[in-house]
1. Select, from VAL140, VAL133, the only residue that is crowded, with 17+ Cβ neighbours inside 10 Å, β-branched (Val, Ile, Thr) and under 15 Å from ASN15 (Cβ atoms).
2. With the checklist (1) within 15 Å of GLY16 (Cβ to Cβ); (2) exposed (fewer than 15 other Cβ atoms within 10 Å of the Cβ); (3) in contact with a strand residue (DSSP E or B) (Cβ under 9 Å, 6 or more places away or on another chain) in hand, flag the one item PRO120 doesn't pass.
3. Could you tell me whether ARG59 is in a loop (DSSP other than H, G, I, E, B) and on the phi < 0 side of the Ramachandran plot?
4. For the range 42-59, give me the residue count where each residue is of a type in the set (Lys, Arg) and touching a residue at least 12 places away in the same chain (Cβ under 8 Å).
5. If you scan the range 1-56, which residues turn out to be small (Gly, Ala, Ser), assigned to a loop (DSSP other than H, G, I, E, B) and more than 12 Å from the chain's Cα centre (by Cα)?
6. If I filter the range 91-105 down to residues being in a helix (DSSP H, G or I) and among the small types (Gly, Ala, Ser), which single residue comes out as surrounded by the most Cβ atoms within 10 Å (Cβ to Cβ)?
7. Please work out if ARG50 is crowded, with 18+ Cβ neighbours inside 10 Å and basic (Lys, Arg).
8. Pick from VAL64, VAL31, VAL35: which is buried (at least 19 other Cβ atoms within 10 Å of the Cβ), β-branched (Val, Ile, Thr), in contact with a strand residue (DSSP E or B) (Cβ under 7 Å, 6 or more places away or on another chain) and closer than 15 Å to SER127 by Cα?
Amino acid sequence: MSRAVCPGSFDPVTNGHLDIVSRAANLFDEVVVCVMINRNKAGMFTVDERLEMLTEVMRPYPNVGVASFHGLTVDFCRQNDITAIVKGLRAVSDFDYELQMAQMNHSLAGIETLFMNTNPLWSFLSSSLVKEVARWGGNVDHLIPVAVQKRLADRLATAD
């Protein structure tokens with residue numbers, strides 16, 4: 001059985017994330033979307049909230065699971081018998097960083113990384129940008145799944 005992980009912060013999950021995960025789900029028997037926990041980075045949503053949102057938006061994909069992990073992605077892969085990491089690339093600047101990470105992961109654990117170019121519809125999209133635009137009152141509903149829209153609006157309403 002082929003298994004892959006799509007790691008990230010998913011704070012919050014965007015349509016760009018869904019594009020990559022759905023395409024990975026067509027290539028692998030099983031895909032795990034893993035919220036990587038960075039205790040040095042304060043998120044808008046807690047890890048549990050991100051897991052809830054991901055679980056909801058991944059329902060249409062029966063071969064996609066959701067998890068969280070604190071540590072190296074390769075350690076998560078080893079512990080879960082995963083042989084590939086799937087990463088979305090939006091621009092050349094993503095490639096520069098992700099190539100180094102892929103080479104490090106391969107040298108540490110022999111884990112392969114598959115780079116998937118982002119659909120041009122979402123090539124500008126990031127969770128950080130979504131949060132920034134939403135904080136300033138911009139409409140981001142077309143950039144995030146419906147299940148995330150209300151949570152984001154509610155979070156911003158209570159942030160004041």
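Read the figures in this text as sums done on the coordinates, not as results from a lab. All values reported here derive from a predicted model rather than from experimental measurement. So basically every Cβ, Gly included, is an ideal-geometry build from the backbone, and we count neighbours across all protein chains shown.
1. Of VAL140, VAL133, the one residue that is crowded, with 17+ Cβ neighbours inside 10 Å, β-branched (Val, Ile, Thr) and under 15 Å from ASN15 (Cβ atoms) is VAL140.
2. For PRO120, the exception is condition (3).
3. Considered against the rule, which asks whether it is in a loop (DSSP other than H, G, I, E, B) and on the phi < 0 side of the Ramachandran plot, ARG59 comes out as yes.
4. Of the residues in that region, 1 qualify.
5. Answer for the range 1-56, where residues must be small (Gly, Ala, Ser), assigned to a loop (DSSP other than H, G, I, E, B) and more than 12 Å from the chain's Cα centre (by Cα): SER2, ALA42, GLY43.
6. My answer is ALA102.
7. Spelling it out, ARG50 is indeed crowded, with 18+ Cβ neighbours inside 10 Å and basic (Lys, Arg).
8. VAL35
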